[in-house]
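The values are calculated or read from the model by the stated rules, or taken from the named source; none is laboratory data. This structure is a prediction, so every number in the text was calculated from the model and none was measured. Every residue, glycine among them, receives a Cβ derived from its backbone with ideal geometry; neighbour counts consider all protein chains shown. For the accessible areas, the whole protein counts, side chains as well, though only heavy atoms, and no ligand, DNA or RNA atoms are used. Shrake-Rupley method; radii C 1.70, N 1.55, O 1.52, S 1.80 Å.
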Amino acid sequence: QVQLVESGGGLVQPGGSLRLSCAASGSINSRYAMGWFRQAPEKQRELVAHIFSGGATNYADSVRGRFTISRDSAKNTVYLQMNNLKPEDTAVYYCTATWLSTYWGQGTQVTVSS
């Protein structure tokens with residue numbers, strides 16, 4: 001089992017920045033791919049970014065160039081740096097860990113509004 005706890009969400013003005021963190025515990029290891037998904041009200045959950053065990057990353061087109069995913073394997077933590085935030089980035093953001101199974105965190109709310 002893997003436990004994931006997200007933090008760092010909040011209210012930010014358009015154009016602002018936030019950094020989300022996801023602390024993993026339990027049977028986590030470096031082979032896990034880590035990711036961030038988000039779900040806005042009345043919309044389907046969508047992939048935001050992934051980082052694979054070798055360090056490769058991929059991003060949704062809507063966030064590429066504004067968001068950066070990174071991981072600190074020593075701390076079992078993955079980050080999502082979000083810059084130039086837009087109102088359409090408002091959503092609950094979920095951390096995931098995938099290897100033989102996929103685990104989900106409880107989510108953290110990000111609201112972009114003036």
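In the list Ala60, Ala40, which residue meets the criterion of being farther than 18 Å from Gly107 by Cα and modelled with pLDDT of 95 or more? Walk me through it before giving the result.
Details: Ala40 fails: farther than 18 Å from Gly107 by Cα.
Among Ala60, Ala40, only Ala60 is farther than 18 Å from Gly107 by Cα and modelled with pLDDT of 95 or more.
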- Query: Do we have Gln109 as within 13 Å of the chain's Cα centre (by Cα) and either part of a loop (DSSP other than H, G, I, E, B) or touching a residue at least 24 places away in the same chain (Cβ under 8 Å) (or both) here?
  - Reply: yes
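Could you check the stretch 78-107 and list, in sequence order, the residues that are open to solvent by 20 Å² or more (accessible area, probe 1.4 Å) and either among the hydroxyl-bearing types (Ser, Thr, Tyr) or farther than 21 Å from Gly10 by Cβ (or both)? Walk me through how you get there before you give the answer.
Kept after step one, since they are open to solvent by 20 Å² or more (accessible area, probe 1.4 Å), are these residues of the stretch 78-107: 79, 81, 83-84, 86-88, 90, 92, 94, 98-104, 106.
Passing the criteria: Tyr79, Thr90, Tyr94, Thr98, Trp99, Leu100, Ser101, Thr102, Tyr103.
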- Number of the condition not met by Tyr103 [criteria: (1) free of Cβ contacts under 8 Å to residues at least 60 places away in the same chain; (2) under 15 Å from Tyr32 (Cβ atoms)]: (1)
- Would you pick out the residues in the stretch 59-76 that are closer than 19 Å to Tyr103 by Cα and open to solvent by less than 40 Å² (accessible area, probe 1.4 Å)? Ile69
